[in-house]
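Remarks on the structure that follows.
The values are calculated or read from the model by the stated rules, or taken from the named source; none is laboratory data. Keep in mind that what you see is a predicted model, and the values were worked out from it rather than measured. Note: ideal-geometry Cβ built from the backbone for every residue, glycine included; neighbour counts use all protein chains shown. Ligands, DNA and RNA are excluded from the accessible area calculation, which covers all protein heavy atoms including side chains. Shrake-Rupley method; radii C 1.70, N 1.55, O 1.52, S 1.80 Å.
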Amino acid sequence: MTDQRFDIVVVGGGIVGLATALHLTKHFPQLRLLLLEKEDRVGKHQTGHNSGVIHSGIYYKPGSLKARLCVEGARAMVEFCGQHNIPFEICGKVIVATSEEEFPRLQTLLERGEANGLSGVRPLNGEQIREIEPHCSGLRGIYVPATGITDYAAVSEKYAEVVAQQGGTVSVGTKVTGFTQRGGETVVETNRGAFATRYVVNCAGLHSDSVSRLAGQKPGVRIIPFRGEYYDLIPEKEYLVKSLIYPVPDPRFPFLGVHFTRRVRGGVDAGPNAVLAFKREGYRWRDFSMRDMAGTLGYSGFWRMAGKYWRYGMGEVHRSLSKRAFVQALQRLLPEIKSEDLVADGSGVRAQAVRPDGSLVDDFQFDRAGNTLNVYNVPSPAATASLAIGNAIVEMARTEFEI
Ligand SMILES: Cc1cc2nc3c(=O)[nH]c(=O)nc-3n(C[C@H](O)[C@H](O)[C@H](O)COP(=O)(O)OP(=O)(O)OC[C@H]3O[C@@H](n4cnc5c(N)ncnc54)[C@H](O)[C@@H]3O)c2cc1C
């Protein structure tokens, strides 16, 4: 039975779904909007398990959605945190090369920073690195002053509050289980009844492809979950890290390599790595879902990806299973760090869209199918970029749905 009617239903109460709902309720206050989140609170998955970094936009290909929306989104994030008293700090970061082979990639990053319009980005020699991070061993580096830190779980709770103030409804504990079409509208079925709507925006993160399949669509990509595990620096050793220390990333992968991140609420994290998760929301090695694994292993794109990247993957598994190997990777950045300085912390699982040919979707990806907008690939820096992504989705809804 359909008990309520809405104009737009947003599936997923992560930072992207909430930012989209925030912009929809702001720009179209006349629309009845419902956001459905299966967990008992918003921001419980990727949004609540990340590094908390406000990225500057230095990494991304000029002209890509990631580059544009990260730069725009970082500005909007800082303004939002300031307006709503959410803790944040623009602490800057260093990206450091620890071998000569990395110098050309460092140069590419510097050029990208300039092309993406970042101000104050500058090259560093070894001595200059140590003026900023006295314990870091980099040979050459880049200083990125615009990088900051915040608490994205707190940001998403505030987004939910603003959505409600602007007239939207946020319903937690409500899992979308199916869709049916009826007389020009969609009926969204959930564990708490059915809701009729004109439009759907699918922001289901790790489940965005499954939600799209529930609606009878063919997503064209599959979400493969990659867990990132963290260690915590013990309080007595936090002095080793002033702000954020990152390695030069391998451009073949969207992951940035294990790094040190100061947390806005105190403490320093080391990580995350990137290993295949055996469950879409699998935060530990022992978390296993037969259904999710059957989906991953039954996807030809997964095997093609594994064929291309198995060597990198094995290295990540080794660093996950052996603390010694993890510490060795960190020692390239901070030679003084020892195994006993680190204690295992939590983890997060990234939703990475993979194409049938095994390639990883690099840029953000939103698609329209009928009266649905599907947000398939919004990995890092999507928390930073969330307000700009929400705005871009609203612009897409405006033209595609003519609302
Ligand atoms: C380890 C890690 C570190 C990261 N570090 C950073 C960083 O420092 N800076 C940065 O900018 N980004 C970072 N990111 C990326 C960022 O966290 C994500 O890009 C962002 O949180 C994605 O938000 P989302 O709303 O798409 O997904 P999610 O936060 O996963 O939200 C999706 C929501 O959909 C809900 N859902 C799914 N299926 C259903 C259903 N059937 N019915 C109802 N609800 C459903 C889920 O419960 C979930 O709450 C990191 C990510 C990870 C994993």
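A few remarks follow.
- Longest site-free stretch - the chain; sites: GluC sites (Glu not before Pro), DSSP loop, at most 15 other Cβ within 10 Å: 1-335
- Cross-link table K66/K218; K158/K279; K44/K158, entries beyond 20 Å C-alpha to C-alpha: K66/K218; K158/K279
- For the stretch 130-219, with +1 on Lys and Arg beta carbons and -1 on Asp and Glu, the positive-most of I149, N202, A215 along the dipole: A215
- When the inverse distances between all different Cα atoms of the chain are averaged and flipped, the Kirkwood radius reads 21.7 angstrom.
- Straight Cα distances below 20 angstrom link K237 to the lysines K93, K323, K338, with same-chain residues fewer than 8 positions distant left out.
- Carbon plus sulfur fraction of accessible area for the stretch 1-108, probe 1.4 Å, in percent: 49
- Under the span-like rule (Cα at least 15 Å along the axis, Kyte-Doolittle mean at least -0.5), DSSP H helices of the chain: 15-27, 65-83, 103-115, 152-165, 386-400
- Solvent-accessible area, 1.4 Å probe, carbon plus sulfur percent, for the stretch 173-237: 51
- Aspartates and glutamates with Cα under 17 Å of K308, excluding same-chain neighbours fewer than 8 positions away: D250, E316, D357, D362
- Cα radius of gyration and Dmax for the stretch 154-247 (Å): 20.0, 65
- Inter-label distance, nm, simple model (7 Å from Cα along the C-beta direction), E127/R5: 7.4
- Probe 1.4 Å, accessible area per residue of the chain, Å²: 42
- Along principal axes, Cα extents of the stretch 273-393, largest first, whole Å: 55, 35, 25
- Rough spin-label spacing in nm, given labels placed 7 Å along Cα→Cβ, for I90 and I403: 3.4
- Rounded FRET efficiency, nearest 0.05, which uses the C-beta distance separating A369 from A164 and R0 of 25 Å: 0.30
- Rg and Dmax of the stretch 219-281, based on Cα coordinates, read 14.5, 49 Å.
- Relative to the Cα centre, the charge distribution of the chain, modelled as +1 at Lys and Arg Cβ and -1 at Asp and Glu Cβ, gives a dipole magnitude of about 840 debye.
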